[in-house]
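S.K.: Can you read through this structure? Questions will come right after.
None of the figures in this text is laboratory data; all of them are computed from the coordinates on show. Treat the numbers as computed from the prediction; the structure is a model and nothing was measured. Cβ sites come from the backbone with ideal geometry, for glycine too, and all protein chains shown count toward neighbours.
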Amino acid sequence: SSATLVVHSAGRRFIVSPVPESRLREQ
Amino acid sequence: AEDTGVRVELAEEDDGNKSSIALRLWVEDQKKLKGKYKDSGAIEFTFDLDTEVPETVAQEMVDSGFFLETDVKIVGKSIRDRVSLIKWRRQRSASASNGK
């Protein structure tokens, strides 16, 4: 899977990855 | 909890002991938010139940470009609601154990 790491200047790490289709609500 | 359009879930099973837990957040219904987040993914991060404040994490997400400043409150509230639930569950299981 394609995950992206974003590190905030305060040090917190955010890992961003695609939301599984099954978890998305019908719009 | 109120439906904020932002979903926050545990990213790992809660062992009930660690103060630092992994959470995953994503936009479930962007109509409830002021910004447009069509292409955003799920954001995973760790949160310390004892020392951290949900609104601070929300601000860091804004700083990092995940959300617009205009939605910082709704993101903070979404995290706060989930954190409250996790703490409540922990307290409940702790009192259940003590009652035995």
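S.K.: Could you tell me how many of the residues in segment B:22-61 are in contact with an Asp or Glu (Cβ under 6 Å, 6 or more places away or on another chain) and crowded, with 18+ Cβ neighbours inside 10 Å?
M.R.: Qualifying residue count for the region: 2.
S.K.: Take segment B:41-60 and flag every residue that is of a type in the set (A, V, I, L, M, F, W, C) and free of Cβ contacts under 8 Å to residues at least 24 places away in the same chain.
M.R.: Listed by number, the residues that qualify are B:Ala42, B:Ile43, B:Phe45, B:Val53, B:Val57, B:Ala58.
Results for (1) within 14 Å of another protein chain (Cβ to nearest Cβ); (2) not acidic (Asp, Glu), shown as yes or no for each residue.
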residue	(1), (2)
B:Lys31	yes, yes
B:Ala42	yes, yes
B:Thr46	yes, yes
B:Glu52	yes, no
B:Met61	yes, yes
B:Thr70	no, yes
B:Ile74	no, yes
B:Ser93	no, yes
